[in-house]
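Read through the structure below, which is laid out as structure tokens, and then see the notes.
The values are calculated or read from the model by the stated rules, or taken from the named source; none is laboratory data. On a predicted model such as this, the values are computed, not experimentally measured, just so you know. Because the Cβ atoms are built from the backbone with ideal geometry, glycine has one as well, and the counts that use them run over all protein chains shown. Just so you know, the surface numbers come from the protein's heavy atoms only, side chains and all, with ligands and any DNA or RNA stripped out. Shrake-Rupley method; radii C 1.70, N 1.55, O 1.52, S 1.80 Å.
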Amino acid sequence: MSNRGVRNLFVFGSLFFFVIFIALTVDTMKKIDKRAPEITEEVDQGKKLWHKYDCIGCHTILGNGSYFAPDLTKITVNKPEGYLEKFLVHPRKVKPSAAMPELGITPDEAKKIVAFLDWTSKVDTNGWPPKPVLAAYRMPQIPGVTVYQKYNCSACHMIGGIGGTSGPDLTHVASRKPDIEWHKRHIRDPQSVVPSSAMPPFPQISDEELNQLADYLITLK
Amino acid sequence: MKYESQKIAQHFYTFAILLFFVQVLVGLIAALQFIWPDFFLLKFNVIRDLHINALVVWLLLGMMGATYFVVPEESQSELWSIPLAKFQFWATVVAITAVILGYIWMGFDPQANKYIFGTLLLNEGREYIEAPRWADWLIALSVILFLFNNFMTMYKSKRWTGIQGTLLGGLTFLTLMYLPGMFYTKSMVKDQFWWWWVVHLWVEGSWEIIAGALLAFMLMKVTNAPRHVLERWMYIEVALVLFTGILGTGHHYYWIGTPKYWLWVGGIFSSLEPIPLLLMVWDAFRTTRKHRVISNRLGLFYATSHAIFNFVGAGLWGVIHTLPQVNKWTHGTQITTAHGHLAFYGAYVLLVISMIYITLPLIRGVTEFNTSRGYRSFWWMTISMVFIVLSLTGAGMVQTYMERLVGLDYVTVKANYNLWFWALRAIFGLGFVYGVFLFVLDFFKLGREPVEAAAPANVSETTA
Ligand code: HEM
Ligand code: HEM
Ligand SMILES: [Fe+2]
């Protein structure tokens, strides 16, 4: 082929692929909104704050962004009501080991950001992030563990390396807090024993469950 | 050098490599913040913004400088307007400096980043295109002036060579692909959809076109190989780049809320993306073998290394995580960072440096220069980068396993299991900074110090 021929192949071939790409883009644009909840005014304001505070400078969302801090696509799924709102305003008061800086986010702004993150958590992402396939840590088969799992304590707490980091690590909690009565009061109403606590109260837990859970916790030495 | 106006390239090179040095210094700070988050006055996000924006900007400036050299050479005429080129240079310097100061300001006072007329004043909070809207317009204006100047030069001379046509085509595509990043969308999904038009169609589209054209130019300059053969292969390479790369954008549309068919489109086309990159490696070796009269060994050495690491970093490190079955597990992990570093280094850092080593001696009018510092700088940078990338690949594998397969918490994996990888990255980062320092030094000294007898490079003007 002459150079002119390959040049034309380059120019027109590329245009051809670009046209296909545009057609797919048009189709995708029609479908995107149906794959996510409606965008309310509050969600939109939350998104604008997301940009203002450059959250993507540390976090990923939908898996894209910076890899310095956790992905936030589904962050609202496992956090107790109200936790994130508090955390965003004063990260280190809620979680002393947090690497997240205090950005001057107001409580009202925090609410909007959480609304935005709640929106992203409901986007149909073709199953991403995938559920972990390997069960790592076998917990002892005792009633307290069942209660621990029922109320999803591991969303925030870690035992033996498994679980979240929003709350303190409980692997050795009994060495710090050996008193079973303290635990019972704390679980029902955390603020009654630790005024600054960001942990939600669990008034719905039954007396029997509370006893089983506290029994389990004081074994964690 | 044949034309007075080619000297303008040096302005661009100088500002570019100063930003390169800033880029790696802040990169080192960012690496240390992985170990100590409060290590520096400015928080990680601002440091990272500086790191990646300095990167993009200095590479663009380097490509602009290179273009100001190539276009007069290929058109066989002076540039259409030297004052316009100088104005465009200084306007760019002012705009970039203002953006950088804005980021730093925001680092000290996050509230300073206010909405004014609906757009953010200092930082748009979108990765790589953080520059605020007012700066977007200034940058776009500067690039349009730049394109216009070069286009007029070609137009007046009526010499439409394949190399400069492809170069200008790539630069025009680059400019157009800046636009999809310049509007607000309420949906985060659409936001990321258009954002990838910019980011992906830059690095795997227009920039690779520019690389293909510059590679052909460099091979022609240093080996005196015939133009028609080089241009033919160049067309084939850049054609394959776009045939695979445009629809290859789909590899970013697997999990962001876009329809499922992108898994097929992205998976198939992006898997083919390494082919043109391999062709470029073969092109460099074939040309060098055939035409043994080499006028600038160091320049050719860098150009060939660029071709090789473009293939390894973009092609190989890209293809390993491009299939949806793999990407589902590795998406947004340190595997991505490992690939990002080696790809940018091989494809574009080495490209700009090789253009500098091939054109700067001609600009400075020297026929011989010392090459030993240039080689040392290459080895310091390249070996350090390879080890940075291996450390990050290790961190990414651990992260993928622990977090995505076993289900451990992100923070636990980062703070416990990956700590040593962060330390390794910082140590090799220091080595990289030293390599860049040598290069900066060499840039200022090239042709300005007495030539040692030991290893001079002969630079002669070829006549192609
Ligand atoms: C010179 C060319 C290239 C450069 C400079 C480059 C650079 C990058 C960068 C910086 C990212 C991360 C973007 C972010 O910050 O979110 C990325 C992501 C990615 N790249 Fe490339 N790349 C190149 C070529 C390729 C090629 C040829 C392939 C495939 C064969 C590829 C596959 C990918 C994939 C799959 C991702 C997404 C990773 C994820 O899911 O997290 N890249 N690239
Ligand atoms: C001294 C050497 C360097 C060090 C220590 C360094 C460090 C870093 C760090 C810590 C990040 C943030 C990563 C994250 O979010 O997890 C980063 C991001 C980035 N760096 Fe570097 N860097 C260095 C050199 C370079 C060079 C030479 C390039 C270009 C060739 C580069 C391109 C990038 C890019 C594209 C990103 C953003 C995307 C990503 O995270 O992959 N860096 N770098
Ligand atoms: Fe891509």
Can you pull a Stokes-Einstein diffusion coefficient for segment B:306-464 at 25 °C (0.890 mPa s), Rh from Kirkwood over Cα pairs, as a whole number of µm²/s? 139 µm²/s
Considering the alpha-carbon set of segment B:1-160 alone, what are its Rg and its Dmax in angstrom? 18.2, 58
Could you give the angle, 0 to 90 degrees to the nearest 10, between helix A:3-32's Cα long axis and the longest principal axis of the Cα atoms of chain A? 40 degrees
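How crowded by other chains is B:120-127, given as the mean number of beta carbons from other chains within 10 Å of each beta carbon?
Working: counts 4, 1, 2, 5, 4, 11, 6, 7.
Average per residue, whole number: 5.
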Pairs of alpha carbons in segment A:63-221 whose separation is greater than 18 Å (percent): 65 percent
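Report the per residue volume, in Å³, of the convex hull enclosing the C-alpha atoms of segment A:143-217.
Values: hull volume 6.3 nm³, N = 75.
Spread over its residues, the Cα hull of segment A:143-217 gives 84 Å³ apiece.
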Label-point separation (nm) for B:ILE35 and B:PHE148, each offset 7 Å from Cα along Cα-to-Cβ? 5.1 nm
Residue by residue through A:21-32, how many Cβ atoms from other chains fall within 10 Å of the Cβ on average? 5
Leaving out ligands, DNA and RNA, and with a 1.4 Å probe, what % of the accessible surface on segment B:352-438 is carbon or sulfur? 75 percent
State, in square angstrom and to the nearest 100, the accessible area buried between chains A and B, both chains counted, probe radius 1.4 Å. 6800 Å²
Theoretical gain in end-to-end length, B:TRP137 to B:ASP109 [0.36 nm per residue, Cα-Cα removed]: 7.6 nm
Angle between chain A longest axis and helix A:207-217 axis [Cα atoms, degrees, rounded to 10]: 80 degrees
Against the 2.2 N^0.38 Å rule of thumb, the C-alpha Rg of chain B sits at a ratio of 0.96
Near A:LYS177, which aspartates and glutamates are there with a Cα under 18 Å away, not counting those fewer than 8 places off in the same chain? A:ASP169, A:ASP189, A:ASP215
Using the heavy atoms of the protein chains alone and a 1.4 angstrom probe, what is the accessible area of segment B:236-361 per residue in square angstrom? 30 Å²
Calculated on alpha-carbon atoms, Rg and Dmax of the protein assembly as shown in Å: 27.4, 92
Efficiency of FRET from Cβ geometry, A:GLU181 and B:VAL440, R₀ 51 Å, rounded to 0.05: 0.15
Over 23 Å apart: what share of the alpha carbon pairs of segment B:135-220 falls there, rounded to a whole percent? 33 percent
With R₀ set to 41 angstrom, the calculated FRET efficiency between the beta-carbons of B:LYS158 and B:TYR128, to the nearest 0.05, is 0.60
Under 5 Å from the placed amide H of A:THR60, counting only residues 5+ away or on other chains, we find A:SER66, A:ALA69, A:ASP71, A:LEU72
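Can you work out the accessible area per residue across segment B:1-160, with the rest of the protein chains kept in place, probe 1.4 Å, in square angstrom?
Result: 40 Å² of accessible area for each residue.
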Spin-label point model (7 Å from Cα, Cβ direction): what's the B:THR14 to B:PHE117 distance in nm? 3.4 nm
Counting only protein chains, not ligands or nucleic acids, how are A:GLU181, B:GLU231 ordered by accessible area (probe 1.4 Å), most first? A:GLU181, B:GLU231
Given A:PHE21, A:HIS59, A:ILE39, which one lies farthest toward the positive end of the charge dipole of segment A:10-72, if we put +1 on the Cβ of every Lys and Arg and -1 on the Cβ of every Asp and Glu? A:PHE21
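Under unit Cβ charges (Lys, Arg +1; Asp, Glu -1), what dipole magnitude, rounded to 20 debye, does segment A:38-121 have relative to its Cα centre? Walk me through the numbers before you get to the answer.
Details: 11 positive and 12 negative charges, 75 e Å.
With only Lys, Arg, Asp and Glu charged at Cβ, the dipole is about 360 debye.
Just from its helices, what would the mean residue ellipticity at 222 nm be for chain B, if runs of 4 or more DSSP H residues each count -39500 (n - 2.57) and the sum is divided by every residue, rounded to the nearest 500 deg cm²/dmol?
Taking each H run of at least 4 residues, the total per residue is -22500 deg cm²/dmol.
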Going by average Cβ neighbours within 10 Å, how do the peptides B:216-223, B:356-363 rank, with the highest at the top? B:216-223, B:356-363
Per-residue ellipticity at 222 nm for chain A, helices alone: DSSP H runs ≥ 4 residues times -39500 (n - 2.57), over residue total, nearest 500 deg cm²/dmol? -14000 deg cm²/dmol
On the protein heavy atoms, probe 1.4 angstrom, tell me the percent of accessible surface of segment B:1-160 carried by carbon and sulfur. 75 percent
Bin all alpha-carbon pair distances of segment A:1-74 at 10 Å intervals from 0 and give each bin's fraction as a whole percent. 15, 24, 26, 18, 12, 4
Could you state the angle between the C-alpha long axis of helix B:207-223 and the longest principal axis of the C-alpha atoms of chain B, as a value from 0 to 90 degrees rounded to the nearest 10? 30 degrees
In what sequence, largest accessible area first, do B:LYS114, B:LYS86 appear using a 1.4 Å probe? B:LYS114, B:LYS86
